[in-house]
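Notes follow once the structure below has been shown.
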């Protein structure tokens, strides 16, 4: 860095901020990265604020609180009512209470109908998450990435965040694979760092890590070690391709 310049603030948006990023940033940059949440349609309604009048202690995994001028909620799946604290649901913007909310439709009239609740009160972001008792929001996954296993609704991001803490893991992605008994089961695709080899022992180690650091019922039933994850040109993991690949594998196995 040029003499006389000093990095004072760091922010992240576009992809969820995993814990290891801030572990690195604290050591390498001497500061923490603040996560934010936004979309093309609405801008940036959630943030871990830098401004001293809005800043709060950072919580691991939190994408922040509503920016002034915005009001957000997490809606239940079975109705369009806000959930209680720490209940997984649909992240939504309260259109009535958000003075900065200007988005109403796309260029083609009516194309946005599915983006709003039936009464027009809430704009649906298409993301699943939760909000805690303090009002901090936590991303879980895109709505279509939520895993429903034996009645449990499980977001891939929390499991991926735990797996990513293992020193052997470079990248990972978690999906729901079809299961006749549970509906879906959790499976993980893992890219290893150089110097680490795939093995049954490592797979068991990763499963145990999730059991102990997240939830005993939410560990990946299968660990797939692969060379690379499928991604978009902007670098976002394409979980739907992994789901499609796994469904094809399982269907082929049944017919053999």
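Values quoted throughout were computed directly from the atomic coordinates according to the rules given, and no laboratory measurement underlies them. In this text, all values refer to a predicted model and were calculated from it rather than measured experimentally. Quick reminder, even Gly has a Cβ in these numbers, built from the backbone with ideal geometry, and neighbours come from all protein chains shown.
Per the helix-only calculation at 222 nm, which mean residue ellipticity applies to the chain, given -39500 (n - 2.57) for every DSSP H run of n ≥ 4 and division by its residues, nearest 500 deg cm²/dmol? Value at 222 nm, helices only, nearest 500: -6000 deg cm²/dmol. With 0.36 nm allotted per residue and the present C-alpha distance subtracted, the residue 15-residue 201 stretch has 63.9 nm of extension available. Let me make sure I get this right: for the chain, a, b and c are the square roots of the gyration tensor eigenvalues over alpha carbons, sorted descending. Under 1.5 in a/c it's rounded, otherwise prolate if a/b > b/c, else oblate. Which is it? Taking the square roots of the gyration eigenvalues as a ≥ b ≥ c, the chain is oblate. Taking 8 Å as the Cα distance limit and 6 or more residues as the minimum spacing, I'd like the relative contact order of the range 11-144 as a percentage. Normalised by residue count, the contact order of the range 11-144 is 20 percent.
For 94, 201, the sequence from fewest to most other C-beta atoms within 10 Å is 201, 94.
The calculated FRET efficiency for residue 24 paired with residue 148, based on their beta-carbon distance and R0 = 25 Å, is about 0.15. For a label point 7 angstrom out from the Cα of residue 238 toward its Cβ, which stretches of the range 186-204 have the backbone nitrogen within less than 17 Å? Residues passing the 17 Å test: 189. Have a look at 140, 12, 112 and tell me which one the Gaussian network model of the chain (Cα, springs below 10 Å) gives the largest fluctuation. Comparing 140, 12, 112 in a Gaussian network model of the chain, the most mobile one is 112. Beta-bridge orientation, the chain: approximately 85 percent antiparallel, per DSSP, counting only bridges with both partners inside. Taking a ≥ b ≥ c as the square roots of the eigenvalues of the Cα gyration tensor, the range 146-255 is rounded, since a/c falls below 1.5. Model label sites at residue 86 and residue 31, defined 7 Å from Cα along the beta-carbon direction, differ in position by 3.2 nm. Remark: relative contact order (the chain) = 11 percent; criterion is Cα-Cα distance under 8 angstrom and separation of 6 or more residues. If R0 is 22 Å, the Cβ-Cβ spacing of residue 6 and residue 100 corresponds to a FRET efficiency of close to 0.10. Put a dot 7 Å past the Cα of residue 254, heading toward its Cβ, do the same for residue 121, and the two dots end up 4.0 nm apart. Relative contact order of the range 166-256, taken over Cα pairs closer than 8 Å and 6 or more residues apart, is 29 percent.
Computing FRET efficiency as 1/(1 + (r/R0)^6) for residue 134 and residue 193, where r is the C-beta to C-beta distance and R0 is 35 Å, gives about 0.50. Overall shape: oblate for the range 182-233, with the ratio a/c of the largest to smallest alpha carbon gyration tensor axis at 1.5 or above and b/c at least equal to a/b. Residue exposure proxy: 49, 217, ordered by other Cβ atoms within 10 angstrom of their Cβ from fewest to most, comes out as 217, 49.
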